[in-house]
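The structure appears right after this line, and notes come after that.
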Amino acid sequence: MNAKQIIRIVGSVFSATAAMKAFTKAKHEGDKLKMLDAGLAAASIAVTVAIVVRDVRGGDDRSRMVELGDDS
């Protein structure tokens, strides 16, 4: 696991906390549009976490990274 993946996971945790607070506040206010917004944010966070987990497990073989070799 590299630093980029750790940062993405930590960011997702903070985002999930914010989405839950937004959902709770919207539910208390009875604002269905804000509840939908918070739910979609949570879904986006779940997808991000799934992508990071796949990357950590090594399942992403179509990476755009190019490894440079030293053939000298």
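The values are calculated or read from the model by the stated rules, or taken from the named source; none is laboratory data. On a predicted model such as this, the values are computed, not experimentally measured, just so you know. Virtual Cβ from ideal backbone geometry, glycine too; neighbours counted across all protein chains shown.
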TODO: Only residues that are touching a residue at least 24 places away in the same chain (Cβ under 8 Å) and loosely packed, with under 12 Cβ neighbours inside 10 Å: list them for the stretch 3-21, please.
DONE: none
Open item on the list: Take the residues in the stretch 47-63 that are at pLDDT 70 or above and not hydrophobic (A, V, I, L, M, F, W, C); name whichever of them is farthest from Val13 (Cα to Cα).
Closed with: Gly58
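Just give me the residues in the stretch 22-39 being assigned to a helix (DSSP H, G or I) and either surrounded by 13 or more Cβ atoms within 10 Å (Cβ to Cβ) or modelled with pLDDT under 95 (or both), in sequence order. Walk me through it before giving the result.
Initially, the stretch 22-39 is screened for residues assigned to a helix (DSSP H, G or I), giving 22-29, 32-39.
Passing the criteria: Ala22, Phe23, Lys25, Ala26, Lys27, Lys34, Met35, Asp37, Ala38, Gly39.
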Open item on the list: Condition check: part of a helix (DSSP H, G or I), loosely packed, with under 14 Cβ neighbours inside 10 Å, among the hydrophobic types (A, V, I, L, M, F, W, C) and at pLDDT below 95. Does Val66 satisfy that?
Closed with: no
